[in-house]
Amino acid sequence: MAQVLHKAPEFDMPSTKNLDTLAENVKLSDYKGKWVALVFYPLDFTFVCPTELLGFSERIQEFKELGCEVIGVSTDSVFSHRAWIKTSTDQGGIAGLNFPLASDITKTVSRDYGVLLEDKGIALRGLFIIDPDGVLQYAAVNSLNVGRSVDEAIRVIQALQTGGLCPVNWKPGMKTL
């Protein structure tokens, strides 16, 4: 199971990287040398999930400036992901999403990262930040009803990239310890 300061569990999942063909998987090994924000969420076409994914999408340039790629993951199929991405936001969709969604339909990756609710077959909300060497540096998991903070995700990446000791409420421009 995923553990901070250990190699992140490898993954190879169908994805929406090529929205037309759905033929391009996402693999952790393809992201060597980059930071990765792995964003697990419960289900497509739900209520809190689109607010989170669109929130990350709106800030994708900030992630890219940090050398970080964002990947969304749920246990839905890539066909469901594609339908959701092609649905307008006023219809409950996430049209215009700026990062790929991966399908963990086998539930293996959700299980490996410790976010799978076995009895429901869905993932909790989990955020995992993996460094360019494939080491898991940050893990946060929360319940189904509460969305995450994109500001905090960006702040954590920035803090990790300092290589220093960052005190409580550290923000860029502040001194490290």
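Couple of notes before you dig in:
- Near pairs, Cβ below 7 angstrom, 6+ apart or cross-chain, from segment 1-19 (farther than 16 Å from residue 116 by Cβ) to any residue that is surrounded by 12 or more Cβ atoms within 10 Å (Cβ to Cβ) and of a type in the set (Lys, Arg): 12/27; 16/82; 19/82
- Complete set of residues in segment 65-107 that are more than 17 Å from the chain's Cα centre (by Cα) and hydroxyl-bearing (Ser, Thr, Tyr): 80, 87, 88, 89, 106
- One residue alone among 114, 147 is in contact (Cβ under 8 Å) with a residue 12 or more places away in the chain, assigned to a loop (DSSP other than H, G, I, E, B) and on the phi > 0 side of the Ramachandran plot, and that residue is 114.
- Where residue 91 falls short, out of the listed (1) free of Cβ contacts under 8 Å to residues at least 24 places away in the same chain; (2) within 24 Å of residue 116 (Cα to Cα): (2)
- Evaluation of residue 116 against the conditions (1) closer than 19 Å to residue 60 by Cα; (2) out of contact with any Pro (no Cβ under 9 Å at 6 or more places or on another chain) shows that the sole unmet condition is (1).
- Candidates 88, 149: the one that is over 19 Å from residue 6 (Cβ atoms), out of contact with any helix residue (DSSP H, G or I) (no Cβ under 9 Å at 6 or more places or on another chain) and among the small types (Gly, Ala, Ser) is 88.
- Residue list for segment 5-15, restricted to those being within 16 Å of residue 132 (Cβ to Cβ) and among the hydrophobic types (A, V, I, L, M, F, W, C): 5, 8
- Scan segment 95-109 for residues that are assigned to a loop (DSSP other than H, G, I, E, B), touching a Gly at 6+ places or on another chain (Cβ under 9 Å) and farther than 16 Å from residue 20 by Cβ and the total you get is 2.
- Picking from residues in segment 25-58 that are charged (D, E, K, R) and buried (at least 16 other Cβ atoms within 10 Å of the Cβ), the one that is nearest to residue 98 (Cα to Cα) is 52.
Throughout, read-outs are computed from the coordinates displayed, never taken from laboratory work. Bear in mind the structure is a predicted one, so any value in this text is a computation, not a measurement. Note that each Cβ is placed from the backbone with ideal geometry, even for glycine, and that neighbours are counted across all protein chains shown.
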